[in-house]
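Here's the structure, in C-alpha cells; my notes come after.
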Amino acid sequence: MNSDPLPPWSIPSAEAWKRGHMLDRATKEHFERSLLAPYALFSSESKGRAHAEEDDDLRTCWERDRDRVIHCTAFRRLMYKTQVLVNSDGDHKRTRLSHSLEVAQVARSVGSALGLNEVLCETLALAHDIGHPPFGHRGETALDALMQSRGGFRHNNQVLRVVDQLERRSPDYPGLNLTREVRESLLKNEPGEQWPKEFRPRPVRPYLEAQVVDLADSTAYNVHDIEDGLVAGMFTEEQLEQACALWLGARESVELRHPGFLEDTHDRNLRIKRITNELLKICINDLIHASSKRIKRLGPKSADDARKIKTRQIDHSRPLKSEVTQLQKFLHKHFYRHPHLRELSRQAEKVLSALFGELLENPSEMPAWYQEWSEEVGRHRAVCDYLAGMTDRFAQSEFDRLSGRSAPTR
Ligand code: MG
C-alpha cells in the first residue's frame, strides 16, 4: 500500500510521514505482532469470515468489524433503549448506547494496559448489548415468557441473530459477516448458556479480550448506576457511606486530592461526579494490576492457551472483589428493586405482551421484510425478532397506535 515501504521492523520517522507514509493494514498487523502480549489475539491470525472477503488495504479485520458495528442500525437503536432508567427519566441518564460507549472506554483502558488487542476489545464492547430488547432486562424477561414454548428469548443469543441474520449491509450475505473471533466472543461463556454447535468444542474460558469486556461491562454499570441512582434521588450518599467500603475508599481518594472540597462544596452534582470518577479509577486500576498478576502466575503462552485455563485471568483482586460485591448488593436493594422500576417492569410487560399478540394475529402490521422473515423462521420468532429490535419509544408508539390510542406514527 505504501509507495515507499519501510522495512517491517521500523517505526516511521518524521521524514517517512513527510513522504506520505500511511499506517496500512500490513504495518498495523506488524505493530500488533511487535507490541502485543503473546496471549493477545492477532488480527493477522484471524480465522476469518463465514463469507470470504478481500482484506482491506488500510484496516485490520477487527477495525473493519468495529466499523460495521458502529454503522449498523441495531447499534444506533441503543440510543433509545433503556439501560435501567428510561429516557423519559431525564436526558442525562444512561441509555444502552452511552453504557456501551463507557464499556468501550473501560475495556480499551484495561486491554491496552495488559498488551491485549485494544481494537478487538473496543469492537466487542460496542457490540455486546446489541441483542438487548426494549425496556432493558424487564423487556428481556417479558419476551422470554412470551416465547417460552418456542425456545425462549435470551439477549446473549439474540446478539448473534442480529449480527448474523437480522442486520443487512450487502447483497452477498445476510448480517454483518463479522470474523469468527468476534462472533464467538459475543456469546456469554457461562455454564447455563447454550453453546452453538459451530463453536464447539466449547473453550473453558473466553479469549482474554472477551474476559476484559465482561469485567468492563460490570465495572461500567456498577459505577454509572451509582451515579444515576444518586442523581435521581433513589438513594443517598449517606446510605452509600454506611453500606459500601468502595464508596468510602473513593471518597478518601477525593479528600486526599482536593482537601476540604467534599465538606465545603454545595455543588452536589460535582461532588457525586468527582467521587464516582474516583470509584471508576480504583476499579480499573485494580482490574489491570490484579489481572496482570494472575496472567503472570498462570503463564498462558498464546490466546488459545489462555482459553484452556480454568481460573478467570481477568478479574479484580480478592479485597476489591468483595467490595464490588457489597456495592452490587446495595444497588440490587436500593436501585434495581426500587418501586419506580417495578412499575416500569409492569409497563414493559403490558406493552410487549399486547404487541406480541397483535402482531401474531396481524403480521401485516410488521414491515414487509419481517413478514417474509416469518416464512423462514416461523411467525413467533419473526415477531420476537421484530419486537427485540424496537427501541422503547417505538414499542410504546406502536402499542398506542395498535390499541387505537393515537394516530399512526409511520
Ligand atoms: Mg452491558
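Read-outs throughout are calculated quantities, based only on the coordinates presented, and are distinct from any laboratory measurement. Worth saying up front: this structure is predicted, and the values here are computed from it rather than measured. As a convention, Cβ positions derive from the backbone with ideal geometry for all residues, glycine included, and neighbour counts pool all protein chains shown.
What to note about this one:
- Here the Gaussian network model covers the chain, with springs between Cα atoms less than 10 Å apart; of Ala216, Ala243, Ala395, Ala243 fluctuates the most.
- Fully extending the segment from Lys350 to Gln242, taken as 0.36 nm per residue of separation minus the present Cα-Cα distance, adds 35.1 nm.
- The calculated FRET efficiency for the pair Asp400 and Glu15, based on their C-beta separation and a Förster distance of 60 Å, comes to about 0.40.
- Averaging Cα coordinates gives a centre for segment 361-378 and one for segment 32-81; these two points are 32 Å apart.
- Estimated translational D of the chain in µm²/s (Stokes, Kirkwood radius over Cα pairs; 20 °C; 1.002 mPa s): 92 µm²/s
- Taking Asn177, Asn156, Asn277 in turn, the Gaussian network model of the chain (Cα-Cα springs below 10 Å) assigns the largest fluctuation to Asn277.
- Segment 260-281 and segment 287-341 have Cα centres spaced 26 Å apart.
- Net lengthening on full extension, Leu101/Glu252 (0.36 nm per residue, minus Cα-Cα): 51.6 nm
- Exposure proxy shown here: for Met79, Met390, the number of other Cβ atoms within 10 Å sets the order, fewest to most, as Met79, Met390.
- By average C-beta atoms within 10 angstrom, highest first, the peptides 179-187, 323-331: 179-187, 323-331
- The chain: most fluctuating residue of Trp247, Trp369, Trp17 per GNM, C-alpha cutoff 10 Å: Trp17
- Fewest-first sequence of Glu32, Glu358, Glu53 by Cβ atoms within 10 Å of each Cβ: Glu53, Glu358, Glu32
- Theoretical gain in end-to-end length, Lys301 to Lys281 [0.36 nm per residue, Cα-Cα removed]: 4.3 nm
- Violating pairs (Cα-Cα greater than 29 angstrom) within the set Lys93/Lys296; Lys28/Lys296; Lys293/Lys329; Lys18/Lys281: Lys93/Lys296; Lys18/Lys281
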